[in-house]
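Working notes, structure below.
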Amino acid sequence: MDTPRASWRNTTHDWAGTVDLDHLEYIRQNSAAFAPGGILHLTLEVVAYVADEAESGHGGLCRITLHSDGSVAVADNGRGTDTRLDELGHIVKKPVMATKDLRFFDNPDAPSLPDTHIRRGMSVVAALSTWLVHTNRRLNGSWTQRYEHGVPTTDLRPIADDLTTGTTVHFLPDEPLRTAGSTTFDDLARLTQSWQHLSIEIDDRRGT
């Protein structure tokens, strides 16, 4: 899509944006409100995007890995995060990590996640994570990018295509959120059953 970025239709995020520092800082200053329950809620915020993709008829497989360092990886087999070329030939990815989700963040009628807390979007996860690595595989190319508290610390780094599509979001919540509440295999298995169009596998490596 080699068209002016200003003409792109905004559905979930504002394509004109890149990093909204004020938005990210607001989340960080209100972490208890945006991540009630800590890791469990943040994980559900990520899985909700996988569920959106599956509900639209793409993918449907989701693998959640709980790592021994307290980080969580959520991988799917959807289309990958939308990535386009602008009129100057620059690669532009939808700013899902560093700007607000227009559907949810400021919407008093935003839906609840399976833990009964309001859905606010992926930027909450990025802002409240010491680091987050977003790996994206699409038919038009694959790349990875690292964030720290929602701010990109690398450019898009191309990675070799492997004939698959999908997204992996691997994040390490800030330490207070890692200890805010226990997240068990059973918690995740029970709550993610709400997304009946997803086939979810949970790999708990915390005891290894």
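FYI, it's all coordinate maths here, none of it is from the lab. As the structure is a computational prediction, the values presented were derived from the model and not from experiment. Heads up, the Cβs are rebuilt from the backbone with ideal geometry, glycines too, and the neighbour counts pull from every protein chain shown.
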May I ask which residue of G78, H13, L139 lies farthest towards the positive end of the charge dipole of the chain, with charges of +1 (Lys, Arg) and -1 (Asp, Glu) on Cβ and the Cα centre as origin?
-> L139
Label point 7 Å beyond Cα of T184 along Cβ direction - residues of the stretch 59-86 with amide nitrogen under 17 Å = 66
When a/c is below 1.5 the answer is rounded, else prolate if a/b is larger than b/c, else oblate, so apply that to the stretch 144-208 with a ≥ b ≥ c taken from the square roots of the Cα gyration tensor eigenvalues.
-> oblate
So what's the back-of-envelope 222 nm ellipticity for the chain, counting only DSSP H runs of four-plus at -39500 (n - 2.57) apiece and dividing by all residues, rounded to 500?
-> -6000 deg cm²/dmol
The stretch 1-95: Rg to Rh, with Rh as the Kirkwood radius over Cα pairs | 1.02
Extent along principal axes [Cα atoms of the chain; Å; largest to smallest] | 48, 38, 31
Length added when fully stretched, E87-N10, from 0.36 nm per residue minus Cα-Cα = 26.0 nm
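Rounded, prolate or oblate: which fits the stretch 5-53, taking a ≥ b ≥ c as square roots of the Cα gyration tensor eigenvalues, rounded meaning a/c under 1.5, else prolate when a/b beats b/c? Write down the numbers at each step before the final one.
On the way: a/c = 4.14, a/b = 1.40, b/c = 2.96.
Oblate is the answer for the stretch 5-53, as a/c is 1.5 or above yet b/c matches or exceeds a/b.
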May I ask you to compute the full-extension gain from E55 to R28, defined as 0.36 nm times their residue separation minus their alpha-carbon distance, rounded to one decimal in nm?
-> 6.7 nm
Which value, in debye to the nearest 20, describes the size of the charge dipole of the stretch 103-191 about its Cα centre when Lys and Arg Cβ atoms bear +1, Asp and Glu Cβ atoms bear -1, and nothing else is charged?
-> 200
